[in-house]
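Below: the structure, in structure tokens.
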Amino acid sequence: MSFIQTDIAGDYQIVRRAIELISENWRDQPELEELALAVGKSPSQLQKIFTRWAGLSPKAFLQAVTLDHARRLLAEPIPILEASYELGLSGPGRLHDLFVTHEAMSPGVYKARGEGLTLNYGFHDCPFGQALVMATDRGLAGVAFCDPGGERSALEDMKTRWPRARFVEDKASTANYAARSFDPARWRADDPLRVVMIGTDFEIRVWEGLLRIPVGKATSYSRIAETIGVANAPRAVGRAVARNPLSFVVPCHRVVGKSGALTGYHWGLTRKRAMLGWEAGVIAA
């Protein structure tokens, strides 16, 4: 089933608020009725929205993404997939992954701060609010997120990465990239999503490392550093992860602290928890 639904943006706002409440009150393990009352829905409505949005019941989602469980489930090398059995989930079913083929833009483009580069962009509904999707004639080049009213700020934030580039609003040209990025049914190895990475040589090495983290698993900054041969530079790796312009598609949300704790995320920790929980639902489907 495609992720595209007419009410998906509204669904995310409801789920986002519920996750915030769970994160703030996880010690009390709030019941469905309490969460429903807080978000202005009936228990049955919230149950349906959660199940449709994440593929998990609210109770299972609570177990998967509250902060205390996240620290245990995401601690290396335990993947969410293995922990799902402990939580009583139905098991992995079909293992989905986001198959991506990538190329790096020439270093000169980055050094010139995007001069001569044209980026088409559009805002699209996705499971995590509004997605700002950017593309060149060679492939997907940027994915960012915002809530309603935050579109201008998200666009300006992305523009700072390539300030001399030409930005053209063209939602039609980015719609297919949005659909390919967020619809698990279209994550196919025989039809990979083409992305273009625009950054320093070091940043691109880090982003390539992120692409090797499978859905349902997490790793640490130090492990990424080891993987790319700079074991003594986890902080530099952390800075490169934070500058990843292809959020979700290049999965920087799957990087956690060495202790397993969820650490900062450019688009907000609530959204990071939501992504990890959503992916757990994809695996369990």
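Pairs spanning more than 26 Å between alpha-carbon atoms, out of 41/159; 111/159; 159/272; 111/217; 41/217; 159/217: 41/159; 111/217; 41/217; 159/217.
Couplings 3J(HN,Hα) for region 137-147, derived from phi with the Karplus relation 6.51 cos²θ - 1.76 cosθ + 1.60 (θ = phi - 60°), are 6, 10, x, 5, 10, x, 9, 9, 9, 7, 9 Hz, where x marks Gly and Pro.
Restriction of the trypsin sites (Lys or Arg not before Pro) in region 171-223 to DSSP coil positions whose beta-carbon has at most 16 other beta-carbons within 10 angstrom yields 188, 212. Where both bridge residues fall in region 100-264, DSSP classifies roughly 50% of the beta bridges as antiparallel.
For region 170-274, relative contact order (Cα pairs under 8 Å, six or more residues apart, normalised by length) works out to 22 percent. Across region 100-264, Cα pairs under 8 Å and at least six residues apart give a relative contact order of 25 percent. Kirkwood radius and radius of gyration were both taken over the C-alpha atoms of region 100-264, and their ratio Rg/Rh is 0.95. Here the simple spin-label model places points 7 Å from the Cα toward Cβ, and for residue 101 and residue 118 these points are separated by 2.4 nm. With 0.36 nm allotted per residue and the present C-alpha distance subtracted, the residue 111-residue 231 stretch has 40.6 nm of extension available.
The order of the peptides 155-167, 128-140 by mean Cβ neighbours within 10 Å, most packed first, is 128-140, 155-167.
Values in this text are rule-based calculations from the coordinates and carry no lab data. These figures come from a predicted structure and were not determined experimentally. When we count neighbours, we look across all protein chains shown, and the Cβ atoms used for this are built from the backbone with ideal geometry, even at glycine.
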